[in-house]
Amino acid sequence: MQMLFLYVAVTNNKYAIIERLIRMKSKESNNKSNYDSILLRVNKGGKDLIKHHADSRSESMNEYIKQAIRERIKRTEAAKN
């Protein structure tokens, strides 16, 4: 909510504020319709380690984690056969 107040103070334009809220709600709705969310908790320092490795591959942390999961699933499936 603080970000919204800051945005209001900076723009001072009610139409820009309404437009921004509409875009936020639209994006939120799209995300809920098309994506599942997973909360990931890591030990202290774990986030920095993941970020470092993701950055070294020019990937986002999200893409790095998804790729790691895909690779592990692939290895698990291959081991079953």
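The values are calculated or read from the model by the stated rules, or taken from the named source; none is laboratory data. Predicted model only: the values in this text are computed from it and were never measured. Every residue, glycine among them, receives a Cβ derived from its backbone with ideal geometry; neighbour counts consider all protein chains shown.
Matching residues to (1) modelled with pLDDT of 85 or more; (2) within 17 Å of the chain's Cα centre (by Cα); (3) assigned by TED's automatic domain parsing to the domain that holds Ala68:
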residue	(1), (2), (3)
Asn13	no, no, no
Glu28	yes, yes, no
Lys32	yes, yes, no
Asn43	yes, no, yes
Lys47	yes, yes, yes
Ile50	yes, yes, yes
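Out of Ile22, Ile65, Ile38, Ile17, report the one residue that is modelled with pLDDT of 90 or more, assigned to a helix (DSSP H, G or I) and not charged (D, E, K, R). When all the criteria are applied, what remains is Ile65.
Mind listing whichever residues of segment 41-56 are assigned to a loop (DSSP other than H, G, I, E, B) and surrounded by 10 or more Cβ atoms within 10 Å (Cβ to Cβ)? If the condition is that a residue be assigned to a loop (DSSP other than H, G, I, E, B) and surrounded by 10 or more Cβ atoms within 10 Å (Cβ to Cβ), then Val42 is the only one that fits. Against the list (1) exposed (fewer than 10 other Cβ atoms within 10 Å of the Cβ); (2) modelled with pLDDT of 95 or more; (3) not β-branched (Val, Ile, Thr), the condition Ser60 fails is (1).
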